[in-house]
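Structure first, commentary second.
The values are calculated or read from the model by the stated rules, or taken from the named source; none is laboratory data. Everything numeric in this text was worked out from a predicted model, so none of it was measured. Neighbour counts run over all protein chains shown; Cβ positions are idealised from the backbone, glycine included. Only protein heavy atoms, including side chains, enter the accessible area calculation; ligands, DNA and RNA are left aside. Shrake-Rupley method; radii C 1.70, N 1.55, O 1.52, S 1.80 Å.
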Amino acid sequence: MSKHAADDGVTQQQAEEAVRTLLRWAGEDPAREGLLDTPKRVVKAYKDWFSGYGEDPAEYLRRTFKEVEGYDEMVVLRDIEFESHCEHHMAPIIGRAHVGYLPTCRVVGISKLARVVEGYARRFQVQEKLTAQIANCIQENLKPAGVAVVIDASHECMTTRGVHKRGVSMVTSQMLGAFRDDARTRAEFLDFIGLHGSMRR
């Protein structure tokens, strides 16, 4: 499935058998025509959903550009759609990430910021940890004057089970450097992404 799975010695055949076990536990017959290929499909889906274990998001930030004519104002990438999975119930987390940083002497291609989000999202997660991982990765590798990350996501472990509350989203933020220390910088970022304080416009 991923480098991590390969290191643990889990084979595709074992993964497919685990899916058959869950089907039987749910009350189904894995040998039924409609379910014959389900274990293979689920394992293939897992390879996609959890591909983040096989990559290092920091690698996307290795190549930077210095010829920016001294640009040192905010760089913001809004509405990065992502899908992740809750590590408590293995249910989907669907949301958007907003990422900003204040460059010092170099910038990174904007698609690389989206790839950092994807790299961490495609793992089992809790939203708070995902938010911090993205911010810390950018801070450690780009060494900017500050980093801001806001994530707004819905959790199907809450909407499809338990309290069954639909239309609810969770917002988390991680502010580092100037975004944490300077209220005006933080407010400018929140304005850029369409948030004012904790209220959506």
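Test Val116 against the criterion of being more than 14 Å from the chain's Cα centre (by Cα) and among the aliphatic types (A, V, I, L, M), and give yes or no.
no
Anything in the stretch 92-105 that is in contact with a helix residue (DSSP H, G or I) (Cβ under 7 Å, 6 or more places away or on another chain) and either aromatic (Phe, Trp, Tyr) or open to solvent by 10 Å² or more (accessible area, probe 1.4 Å) (or both)? List them, or say none.
Pro92, Tyr101, Leu102
Quick grid of which residues meet (1) in contact with a Gly (Cβ under 6 Å, 6 or more places away or on another chain); (2) within 25 Å of Arg63 (Cβ to Cβ); (3) in contact (Cβ under 8 Å) with a residue 40 or more places away in the chain:
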| site | (1), (2), (3) |
| --- | --- |
| Val99 | no, yes, yes |
| Thr131 | no, yes, yes |
| Ile138 | no, yes, yes |
| Val149 | no, yes, yes |
| Arg161 | no, no, yes |
| Ala178 | yes, yes, yes |
| Arg186 | no, no, no |
| Leu190 | no, no, yes |
| Ile193 | no, no, yes |
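State yes or no: is Ala153 surrounded by 17 or more Cβ atoms within 10 Å (Cβ to Cβ) and in contact with a Gly (Cβ under 9 Å, 6 or more places away or on another chain)?
So Ala153 fits the description; yes.
Can you go through Val76, Val42 and tell me which one is of a type outside the set (Ser, Thr, Tyr) and touching a residue at least 60 places away in the same chain (Cβ under 8 Å)?
Result: Val76 is the single residue among Val76, Val42 that is of a type outside the set (Ser, Thr, Tyr) and touching a residue at least 60 places away in the same chain (Cβ under 8 Å).
Given the criterion loosely packed, with under 14 Cβ neighbours inside 10 Å and among the basic types (Lys, Arg), identify the matching residue among Lys66, Lys47.
The conditions single out Lys66.
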